[in-house]
């Protein structure tokens with residue numbers, strides 16, 4: 001069983017007040033969701049990517065500090081970091097993000113020259129045409145991964161232009177196909193210790209069956225089909241009223257810092273932890289990701305690719321699961 005939820009103010013979750021958020025607040029939300037869905041004595045595997053990985057760190061500390069650390073069977077954190085003690089002052093975080101995530105007043109795609117360089121833009125897209133004109137996959141994905149062949153299940157011969165399944169569906173499928181005794185709660189980013197198990201997921205590796213009969217589709221095209229059809233859902237932007245909620249959530253990243261005493265509490269609790277590392281991530285330096293692995297005493301360090309999202313789309317989900325939670329659960333048996 002897999003439990004995935006919309007964070008406060010995003011998707012179908014509500015938020016009464018647009019205010020600065022913290023990972024402590026969002027971790028309390030995560031525990032409330034788990035307790036409500038599965039019970040306050042439930043045990044589960046924890047999976048977090050990017051900001052979700054930061055929330056997972058805080059949730060682990062929250063449970064360990066309250067004597068409930070045994071509820072976590074294993075934790076897998078990917079393309080995330082412990083944050084930094086050198087942070088933007090808290091009183092500037094929300095005002096600046098509200099400016100950065102201000103929706104366009106009107107569609108601007110028609111005014112963009114055809115030769116305009118793609119990239120940037122973030123969530124600032126007025127409509128489908130604006131997204132297609134300005135969004136760049138190369139900001140979030142590694143080039144080698146994008147140019148590799150998509151898995152066979154991403155190709156529908158009867159409808160070659162139809163959007164492929166989204167990453168969340170792949171994650172649920174990955175969980176369902178692998179027999180484990182654990183449920184998973186999904187949160188949806190220095191030198192490592194020599195005792196850690198290091199796993200490398202080969203970038204651009206062709207999945208089994210890909211390329212048969214010359215019908216292979218590159219991951220770049222498959223991912224582009226997903227995002228052009230679902231960019232509003234992917235970026236949590238359905239309407240202008242959604243922009244402040246995203247700005248509020250980003251403040252949780254800006255204010256994040258895993259304090260040494262919290263890291264020590266998690267490390268000494270003996271939790272089974274894996275950390276997935278992106279070697280050229282646009283948001284979290286590789287050194288910071290490895291620093292997190294060391295601070296938490298991670299048993300598994302897995303190179304998931306070069307880009308921020310290589311491990312959460314298409315077959316990247318399967319590779320991350322096998323190398324991360326899959327390895328931890330195997331070790332625990």
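The values are calculated or read from the model by the stated rules, or taken from the named source; none is laboratory data. Everything numeric in this text was worked out from a predicted model, so none of it was measured. Positions of Cβ are generated from backbone atoms using ideal geometry, with glycine treated the same way; all protein chains shown enter the neighbour counts.
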Legend entry - For residue 81: the one exception among (1) more than 20 Å from the chain's Cα centre (by Cα); (2) assigned to a loop (DSSP other than H, G, I, E, B): (1)
Inset, instruction - Report the residue count in the range 256-300 for those that are over 23 Å from residue 320 (Cα atoms) and in a strand (DSSP E or B). - result: 1
Legend entry - Restricting the range 235-259 to residues that are at pLDDT 75 or above and surrounded by fewer than 18 Cβ atoms within 10 Å (Cβ to Cβ), the residue that is farthest from the chain's Cα centre (by Cα): 259
Inset, instruction - Scan the range 264-287 for residues that are under 17 Å from residue 86 (Cα atoms) and either surrounded by fewer than 18 Cβ atoms within 10 Å (Cβ to Cβ) or more than 20 Å from the chain's Cα centre (by Cα) (or both) and jot them down. - result: 283, 285, 287
Legend entry - Residues of the range 290-309 satisfying the condition of being surrounded by 21 or more Cβ atoms within 10 Å (Cβ to Cβ) and closer than 24 Å to residue 136 by Cα: 304, 305, 307, 308, 309
Inset, instruction - Taking residue 42 as the residue in question, decide whether it is loosely packed, with under 12 Cβ neighbours inside 10 Å, out of contact with any strand residue (DSSP E or B) (no Cβ under 7 Å at 6 or more places or on another chain) and either modelled with pLDDT of 95 or more or in a helix (DSSP H, G or I) (or both). - result: no
Inset, instruction - Six or more apart or on different chains, Cβ under 8 Å: which pairs go from a residue in the range 126-155 that's closer than 9 Å to residue 307 by Cα to one that's crowded, with 20+ Cβ neighbours inside 10 Å and at pLDDT below 85? Could you list them? - result: 141/313; 142/203; 145/203; 145/316
Legend entry - Residue among 64, 17, 33, 4 that alone is at pLDDT 95 or above and farther than 18 Å from residue 269 by Cβ: 33
Legend entry - Failed item in (1) in a loop (DSSP other than H, G, I, E, B); (2) under 17 Å from the mean Cα position of the chain (by Cα), with residue 13 passing the rest: (2)
Legend entry - Count - residues of the range 1-25 that are out of contact with any strand residue (DSSP E or B) (no Cβ under 9 Å at 6 or more places or on another chain), under 16 Å from residue 94 (Cα atoms) and surrounded by 14 or more Cβ atoms within 10 Å (Cβ to Cβ): 8
